[in-house]
Amino acid sequence: MAGPGAGIWRGALKPHPAGAAGSHRAAAQDATALQVRVFSAADRIALDSSTKAVVIADLGCAQGMATALLIRSSVESIRTRSPHIPIHVVHNDVLQNDWAGLYEALRREESYLRVREGPITPMTAACSFYQLVMPPGVLNLGLSFAALQWLERPGPASAGTALFFDQLAGAEALEMAEQAHQDWSRFLALRAIELAPGGCLVLVMMGRHPNGSATGHTLWAAIRAIAEELVLEGRI
Ligand SMILES: C[S@@+](CC[C@H](N)C(=O)[O-])C[C@H]1O[C@@H](n2cnc3c(N)ncnc32)[C@H](O)[C@@H]1O
């Protein structure tokens, strides 16, 4: 599992002219620690005679920008080992997500849907990842990028203008930490039900290093200051 802020990576990989295997090898050479985790998780998916299909999920996908090329590389990795095994890619986000934006991205040249050979089925699971997203025991590789900081409920109503967990103190900070702990435990318990034997999760989330400040501390402080200024000016 990648640690907090392990690198929100966008689009560093390009399809390789040598095709799927070349692309995977080239990507692996240039890979960041995060990419290496995803590639090695994809490489470890068991593809023996009992494997009927491979399921990859992107939990909290939005329009799939952060994961597009990671998923493509994972699909290419699977295809080099098994040209015809059906691959299902489950895009999960809440019902009100911009699903049209996701489908538009899937039509692009660099989409995993352009990988040749066997069937690749994109699927959407329009529901919260705080419930079961897919049937038990089917998930081979679960990815989630910058989504797990969204808890199931908004933070404490008494939090004033705080926008981010590290802007809380005292009782509010404790309440939020307890909620985060419960949500995180529930997320893991649900994924444990969904994972196939040998399945793997690669998760990147905001958090607080035990010896340092939270991911995005400075940015969120600036956003809060601007929002407070806009309130003072009566603009929001
Ligand atoms: C900051 S965006 C990150 C999107 C994408 N993974 C990326 O890195 O570009 C967080 C996404 O998580 C989704 N999200 C928040 N809570 C969720 C939940 N309970 N279940 C599923 N998706 C959720 C949001 O709708 C949003 O699209």
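The values are calculated or read from the model by the stated rules, or taken from the named source; none is laboratory data. Everything quoted here is computed from the prediction, not taken from an experiment. Cβ placement follows ideal geometry from the backbone for every residue including glycine, while neighbour counts extend to all protein chains displayed. When the accessible area is computed, the model is the full protein with side chains, heavy atoms only, and any ligands, DNA or RNA have been set aside. Shrake-Rupley method; radii C 1.70, N 1.55, O 1.52, S 1.80 Å.
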*Where in the chain are the helices, taken as whole DSSP H runs, whose Cα atoms extend 18 angstrom or more along the long axis and whose Kyte-Doolittle mean reaches at least 0.0?*
68-81, 217-232
*How about segment 86-141: which trypsin sites (Lys or Arg not before Pro) there lie in a loop by DSSP and see at most 15 other Cβ atoms within 10 Å?*
107, 108, 116
_If each DSSP helix of 4+ residues adds -39,500 (n - 2.57) and the sum is divided by the residues in the chain, what number results at 222 nm, nearest 500 deg cm²/dmol?_
-12000 deg cm²/dmol
*Send over a whole-number figure in Å² for the accessible area per residue of segment 147-236, probe 1.4 Å.*
62 Å²
_residue 143 long-range amide H proximity, modeled H, under 5 Å_ = 57, 58, 59, 202
*Write out the GluC sites (Glu not before Pro) in segment 88-184 meeting two conditions: DSSP loop, and at most 10 other Cβ atoms within 10 Å of their Cβ.*
109
_Given a Förster distance of 25 Å, report the FRET efficiency between residue 81 and residue 33 from their Cβ-Cβ distance, rounded to the nearest 0.05._
0.60
*asked:* Could you tell me the center-to-center distance, by alpha carbons, between segment 51-92 and segment 115-189 in angstrom?
replied: 20 Å
*³J(HN,Hα) across segment 156-165 via Karplus (A = 6.51, B = -1.76, C = 1.60, θ = phi - 60°), whole Hz, x for Gly/Pro?*
x, 4, 7, 7, x, 8, 4, 10, 9, 4
*For the pair residue 49 and residue 236, how long in nm is the line joining their label points, each one 7 Å along Cα→Cβ?*
6.1 nm
*Would you calculate the separation in nanometres between label points at residue 219 and residue 153, each defined as 7 Å from the Cα along the Cα-to-beta-carbon direction?*
2.8 nm
